[in-house]
Amino acid sequence: MSTLTEIAQLLKDNNESIILIYAFNSTGKTRLSVAYKDLTKALNNGNHSGVYYNAYSEDLFNWDNDELNNNADLKLNITPSSLNQFHNLLVQDPERVKEKLQPYQPKYKFKFTEHDNAEDGIKSISFFVGEGAEKRRIKISSGDARIFVWCFFLALFEVDGWADEQDAHLFIDDPVSSLDEHNIFVTANTMFDLIEDNYEDKRIIITTHHIGLFSILSDRLKKGEKSGRYRNITKLFILNNRDNDFALRSPNNDVFLFHLHLLQTLEDAIRRPLFVYHFVLLRQALENITSFLGRGGISYALEQIEVDNVEETGNTINSLSHKDAYHLQFNEMSPQEETLFKNVFKNIMIKYQFILH
């Protein structure tokens, strides 16, 4: 077991360019990003060598409800920081942020308010719905606010003078809390785009508590259509914490634990409308089961759980999880697909009697 500083050193010494880490909430993901920042700054004469997105990034944004004036000046304030000097291009071209928001299909519009001295960057953001006389200021939900801040930073990563100068690494810590399954999948796509744009030039470290996000990204990096670029430069870990003693382990070493969390995600999804991309997670569960049993391919797992027509079921799962599911596909499953999905999940639970709660 190790301290977080020692874990940060292990990450620094790792040869892979892309590192994806799964960890429970409160394990120490954010603290690990800080430990990595401190280590790399110490090795760079006290200067930042990379850029970060973590809870501290989100904490720069806070609501001013303007209660004394009946919410008339409701806005999301930005706490001044060293990043304000890079805001100018976003003010000049808010389309940069709108472009990042577009996949999430926001129902609101926004407006930046600058400090009196424009060089001090953005002071606050106001959100609106409606047009003309019907236009009114609103407070967006915590999930929408999380998405907005994430997209704000995605745009900021592209501003000259920051991420292109501090270009040794990107460390992204869990931008998915308070998001529903739709937006988890969209966020996975934005993160994959970020990887595609940067993997040749810098190290990318991503931590998350969300097993669905971890599964989708690991699947695309290791087995997806473009995985030939990434497979050999990607390392997967699970971060464990026992009384502030930390360890990075391969997911294969925690496969049973990994199964449980993946199955919990699928069980939760079944209670709501199912979408085609959920087959990505189902296939991941089946592959983990066959790996645990020492066999290859999902057909063996389908045989063990005694589904009807193993070959046809396997072909359907592979088709729906490999092809269009990697794009922004939010189609609900057809009745036939939903029936197949639920039957496979039910048979997994009957066969192996997993206790998920």
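The values are calculated or read from the model by the stated rules, or taken from the named source; none is laboratory data. Computed from a prediction, not measured in an experiment: that's the story for all the values here. Cβ: placed from backbone, ideal geometry, glycine included. Neighbour counts: every protein chain shown.
With the structure loaded, tell me whether residue 184 is in the same structural domain as residue 32 (by TED's automatic domain parsing), under 19 Å from residue 57 (Cβ atoms) and touching a strand residue (DSSP E or B) at 6+ places or on another chain (Cβ under 6 Å) or whether it fails that test. When the stated conditions are applied, residue 184 does not pass them.
Of all residues in segment 154-172, those that are among the small types (Gly, Ala, Ser), in contact with a Lys or Arg (Cβ under 7 Å, 6 or more places away or on another chain) and in a loop (DSSP other than H, G, I, E, B) total 1. Kindly establish whether residue 75 is surrounded by fewer than 18 Cβ atoms within 10 Å (Cβ to Cβ) and assigned by TED's automatic domain parsing to the domain that holds residue 131. Criteria not met by residue 75.
Only one of the listed residues (289, 211, 238, 204) is hydrophobic (A, V, I, L, M, F, W, C), within 25 Å of residue 2 (Cα to Cα) and at pLDDT below 85. That residue is 211. Being free of Cβ contacts under 8 Å to residues at least 60 places away in the same chain and outside the structural domain of residue 106 (by TED's automatic domain parsing) holds for only one residue in 194, 170, and it is 194. Between residues in segment 13-37 that are within 17 Å of residue 240 (Cβ to Cβ) and not assigned by TED's automatic domain parsing to the domain that holds residue 231 and residues that are surrounded by fewer than 19 Cβ atoms within 10 Å (Cβ to Cβ) and of a type in the set (A, V, I, L, M, F, W, C), which pairs lie under 6 Å by C-beta distance while being six or more apart or on different chains? From residues that are within 17 Å of residue 240 (Cβ to Cβ) and not assigned by TED's automatic domain parsing to the domain that holds residue 231, there are no pairs. Out of contact with any Ser or Thr (no Cβ under 8 Å at 6 or more places or on another chain), of a type in the set (Lys, Arg) and surrounded by 14 or more Cβ atoms within 10 Å (Cβ to Cβ) - does that describe any residue in segment 110-124? Within segment 110-124 (the criterion being out of contact with any Ser or Thr (no Cβ under 8 Å at 6 or more places or on another chain), of a type in the set (Lys, Arg) and surrounded by 14 or more Cβ atoms within 10 Å (Cβ to Cβ)), the answer is no, since none of the residues qualifies. Return the residues of segment 97-137 that are among the basic types (Lys, Arg), part of a helix (DSSP H, G or I) and either on the phi > 0 side of the Ramachandran plot or free of Cβ contacts under 8 Å to residues at least 60 places away in the same chain (or both); say none if nothing qualifies. 98, the sole residue that qualifies. Residues in segment 217-234 include at least one that is surrounded by 20 or more Cβ atoms within 10 Å (Cβ to Cβ), modelled with pLDDT of 80 or more and under 9 Å from the mean Cα position of the chain (by Cα). All of 122, 138 fail the test of being within 20 Å of residue 57 (Cα to Cα) and of a type in the set (A, V, I, L, M, F, W, C), apart from 122.
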